1. In this structure, does Lys333 turn out to be among the charged types (D, E, K, R) and closer than 29 Å to Ile78 by Cβ?
2. Has segment 162-178 got at least one residue that is touching a His at 6+ places or on another chain (Cβ under 8 Å), assigned by TED's automatic domain parsing to the domain that holds Gly232, of a type in the set (A, V, I, L, M, F, W, C) and outside any strand (DSSP E or B)?
3. Looking at this structure, is Ser148 of a type in the set (Ser, Thr, Tyr), part of a loop (DSSP other than H, G, I, E, B) and over 17 Å from Leu61 (Cα atoms)?
4. Test Tyr129 against the criterion of being among the aromatic types (Phe, Trp, Tyr), in contact with a Phe, Trp or Tyr (Cβ under 6 Å, 6 or more places away or on another chain) and over 23 Å from Phe193 (Cβ atoms), and give yes or no.
5. List every residue pair whose Cβ atoms sit under 7 Å apart, with the two residues 6 or more apart in sequence or on different chains, where the first one lies in segment 133-162 and is aliphatic (A, V, I, L, M) and the second, anywhere, is assigned to a loop (DSSP other than H, G, I, E, B).
6. For the list (1) more than 30 Å from Phe298 (Cβ to Cβ); (2) without any contact (Cβ under 8 Å) to a residue 60 or more places away in the chain; (3) crowded, with 21+ Cβ neighbours inside 10 Å, I need the number of the one condition that Gln45 fails.
7. Pick from Lys311, Lys283: which is among the charged types (D, E, K, R), crowded, with 18+ Cβ neighbours inside 10 Å, closer than 25 Å to Ser340 by Cβ and touching a residue at least 40 places away in the same chain (Cβ under 8 Å)?
8. Considering only segment 65-103, state which residues are in contact with a Lys or Arg (Cβ under 9 Å, 6 or more places away or on another chain), part of a helix (DSSP H, G or I) and aliphatic (A, V, I, L, M).
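The values are calculated or read from the model by the stated rules, or taken from the named source; none is laboratory data. Keep in mind the model is a prediction, meaning the values are calculated, not measured. A quick note on method: Cβ atoms are made from the backbone with ideal geometry, for glycine too, and the neighbour counts reach across all protein chains shown.
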Amino acid sequence: MTDFRLVREVEYKQAIDLADKVFRKAGHVSMGTAFPQVFSAALNQSYGAFIDGKLVSFIGLVPSILHIGRAEVKAFSIGAVCTDPDYRKRGLANTLLQMIFEHINKSGASVLFVSGDLPIYLKQGCTHYGKMNQYKIHQGDLKVESSSYVIREMGQFDWFQLRKLSHERHVKYEQSIFELALLNEAAGFASIFKMKHKILVAKENEELKAFLVFGVPYESQGKADSRVIEWGGDPQAIPGLLAEAFTYDLNSLLFNVPAFEKDILSQLGALPMEELPFPGTMKIMDLDLLLSQLGPYFENKLTISGAEGQKELHFKQGTVTLSAKQLEEWIVKGSEDPDSQLKDIFPIPFPFPQGLNYV
């Protein structure tokens, strides 16, 4: 008989071992090290399927608060989804996913983010979302003019200022100083590529003006293909930070910039890029709850009324009537009409998922 339930404190070692078996190879750090929030007995959110006391399928579940302007959106993310190869094709993960949905609804969260886009998620209503520009930068691509910024590695006395820069971002995950330190050390997303983090900061008049988190290999492997993990602060300082990253023996630097980060995009100028949706998928768990949580974001821009199946969007230039399904599509992907008067509101600017808070 299979027992589907929350993973207990003494069972997280089994969860880590299973995730390492499925996802890790020689040279990788353990999933337990890279994703402490997923395997946290203190949070006690992750689910497993047990047969005779053995954990055979696992889904990590992590709660978070998203700040979108003045709005606070309650969200969950799932990751480290794995099933022992000997127990696959039994529907175990699908059963766990239904329990995850119930957990989310009871918790008051309105959205779920998934790091993948496998059929198991798409069949359950998860969808691609967001828009971004992907840049693959090489040394010399950035023409950085001289500036008053002093660029260096982050030091032990910088946490308050780094948290301030992180907090000032218009769109972000809520992060305490401890979370910033913990997730930087864990380097979850970078660990997939056998990398750890470096943080560079731009300083002016004894004040940090910007920061950049990027990956560097665990061991020297010649010129490495790296990627930017997270950034914040003065957009004008970002090109200098990107250029400085190449002093760490990088071959290239992948930089995924959300389309709503217009100030950063303007700093990158005419660099070659590719327009893509965000990586991963998301599911709106409760549309009305999400609209309520987004209320401060819509304030002075838009009001939404209507019953469950149909919504009216009232704005300065007029009114648009959408089905609930159409509104969900606008929320995650925006209107297909390039001349839409609401293009500055939709899609909703959700935080980029492959940053420090990647699950």
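1. Yes.
2. no
3. Judged against the criteria, Ser148 is a match.
4. Numbers: among the aromatic types (Phe, Trp, Tyr): yes; in contact with a Phe, Trp or Tyr (Cβ under 6 Å, 6 or more places away or on another chain): yes; over 23 Å from Phe193 (Cβ atoms): yes.
Judged against the criteria, Tyr129 is a match.
5. Between residues of segment 133-162 that are aliphatic (A, V, I, L, M) and residues that are assigned to a loop (DSSP other than H, G, I, E, B), the close pairs are Ile137/Leu271; Leu162/Met154.
6. (1)
7. On the way: Lys311 fails: touching a residue at least 40 places away in the same chain (Cβ under 8 Å).
Sole residue among the options that is among the charged types (D, E, K, R), crowded, with 18+ Cβ neighbours inside 10 Å, closer than 25 Å to Ser340 by Cβ and touching a residue at least 40 places away in the same chain (Cβ under 8 Å): Lys283.
8. Met99
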